[in-house]
Amino acid sequence: MVSHIGLVGLGKMGNNMRERLRHGGIEVTGYDPRPEVSDVASLADLVAALPTDRRVVWVMVPAGDPTRGVVQELGTLLGEGDVVVEGGNSHYPEDQARAAELAERGIGYVDVGVSGGVWGLENGYGLMCGGDRAHVEALMPVFDALRPEGPREEGFVHAGEVGAGHFAKMVHNGIEYGLMQAYAEGYELLAAKKDIVTDVHGTMKAWMRGTVVRSWLLDLMVKALEEDPALAAIDDWVDDSGEGRWTVDEAIDNAVPLPVISAALFARFASRQEESPAMKAVAALRQQFGGHAVKPAQ
């Protein structure tokens, strides 16, 4: 069983994961390009610091080129019997390709979807992993140190073969898009009826216990309103990190209807427009066929 791992990437999540792992009795050697947070000076030094019988390196860097670069370099540093754990938000087909490349060198690969954000240090992380059962079983002390307290099956799943962990996390994040959009739309409608609902924050706070819409996301929404009741300090521009798009792509490929998640993704695109050409077209059409009033451009 694994009791000492390397951890690459000590940002907001990685640094907290290192601390939680150490609290859970797992020895961690961390590497980050920033020397002030890193335990070692290079990836080579990290690998050299690990037990030689089975070296395990968890990669916790942004998906895309950063992850590709780290995994590629680890492929030249690790050897037979070692394991790479990819804990970012990579697209699952990339996991399958990486696993095949590393397998040629006898290196195992496990992909892990990690949920919990900056609160994971305190609350634990929801973990969804994919990979060979033997590798997953060897890593269980690491997973148990990271997951929330309580029944293992309520915070951890071996979802399937390589790619399954990130596929599960992709769907998880797609659902997250829909939930956040629903809370946001409910907030907007409450705020629009100030002549009736004079305490928007209090109304949403009253949903936190006993109601069917209670959730951790609702708790965070209430917290945000406590800090900034009108959300005046926040711009309405909303990014998407890829998982929502991939979820919708998979739905199209598999003929699975995802109207809520798709609408939530497109709503994020709308947030990035200073003005909406589509809505201008709708206004123009309403004027053309019905003589409806329009507002002049500012």
Helix 216-227 vs. the chain, principal-axis angle (Cα, 0 to 90°, nearest 10) = 60
key: Dipole magnitude (debye, nearest 20) for the range 51-117, charges at Cβ of Lys, Arg, Asp, Glu   = 120
Taking the range 194-277 and dividing mean pair separation by its residue count, relative contact order in percent (alpha carbons under 8 Å, at least six apart) = 23
ask   = How much net charge surrounds residue 181 when only other residues with a Cβ under 11 Å from its Cβ are counted (Lys, Arg +1; Asp, Glu -1)?
value = -2
message = Which residue, 278, 237, 289, has the largest displacement toward the positive end of the dipole of the range 227-298 when charges sit on each Cβ (Lys, Arg +1; Asp, Glu -1)?
response = 289
ask   = If Lys and Arg each add +1 and Asp and Glu each add -1, what is the summed charge of the other residues whose beta carbon sits under 14 Å from the beta carbon of residue 294?
value = +2
ask   = Roughly what % of DSSP beta bridges within the chain run antiparallel, to the nearest 5?
value = 20
ask   = Where does helix 92-103 land angle-wise versus the long Cα axis of the chain, in degrees 0 to 90, nearest 10?
value = 10
ask   = Taking Cα atoms, how many degrees apart are the long axis of helix 164-192 and the longest axis of the chain, rounded to 10 and kept between 0 and 90?
value = 30
ask   = If you place +1 on the Cβ of every Lys and Arg and -1 on the Cβ of every Asp and Glu, how big does the dipole about the Cα centre of the range 205-265 come out, in debye to the nearest 20?
value = 500
ask   = Which cross-chain or sequence-distant (5 or more) residues have an amide H under 5 Å from the amide H of residue 59, H modelled 1.01 Å from N in plane?
value = 8, 85, 86, 87
note = On the accessible surface of the chain, probed at 1.4 Å with all protein chains in place, carbon and sulfur together account for a percent value of 56
ask   = Which entry is the computed Rg/Rh (Cα atoms, Kirkwood Rh) for this structure: (i) 0.98; (ii) 1.06; (iii) 1.23?
value = (ii)
remark   = Taking every C-alpha to C-alpha distance in the range 167-298 and binning by 5 Å from 0, the per-bin percentages run 2, 9, 14, 16, 16, 16, 13, 9, 5, 1
remark   = In nm², the average projected area of the convex hull spanned by the Cα atoms of the range 1-91 is 5.7
task = Can you tell me the dipole magnitude for the chain around its Cα centre, using point charges on the Cβ only (Lys, Arg +1; Asp, Glu -1), in Debye to the nearest 20?
result = 820
remark   = Karplus-derived 3J(HN,Hα) from phi for the range 252-260 (6.51 cos²θ - 1.76 cosθ + 1.60, θ = phi - 60°), whole Hz, x at Gly and Pro, runs 5, 4, 9, 6, 9, x, 10, x, 6
request  = Using the Karplus curve 6.51 cos²θ - 1.76 cosθ + 1.60 with θ = phi - 60°, work out ³J(HN,Hα) for each residue of the range 9-15 in order, rounded to whole Hz, and write x for Gly and Pro.
outcome  = x, 10, x, 4, 7, x, 5
ask   = If contacts are Cα pairs under 8 angstrom and at least 6 residues apart, what is the relative contact order of the chain in percent?
value = 13
Net charge over other residues, Cβ less than 11 angstrom from the Cβ of residue 114 (K, R count +1; D, E count -1) = 0
request  = Please say if the range 151-208 is rounded, prolate or oblate, where rounded means a/c under 1.5 for a ≥ b ≥ c the square roots of the C-alpha gyration tensor eigenvalues, and otherwise the choice is prolate for a/b larger than b/c and oblate otherwise?
outcome  = oblate
request  = Taking only protein heavy atoms into account and a 1.4 Å probe, give the accessible area per residue of the chain in Å².
outcome  = 55
ask   = Relative contact order, percent, of the range 162-234 when contacts are C-alpha pairs under 8 Å separated by at least 6 residues?
value = 23
ask   = Want the number for residue 211 to residue 254: 0.36 nm per residue separation, take away the alpha-carbon distance, what's left?
value = 12.1 nm
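The values are calculated or read from the model by the stated rules, or taken from the named source; none is laboratory data. Everything numeric here is computed off the predicted structure, so don't read it as measured data. Here the Cβ is made from the backbone with ideal geometry for all residues, glycine too, and neighbour counts use every protein chain on show. Accessible surface areas use protein heavy atoms only, side chains included; no ligands, DNA or RNA. Shrake-Rupley method; radii C 1.70, N 1.55, O 1.52, S 1.80 Å.
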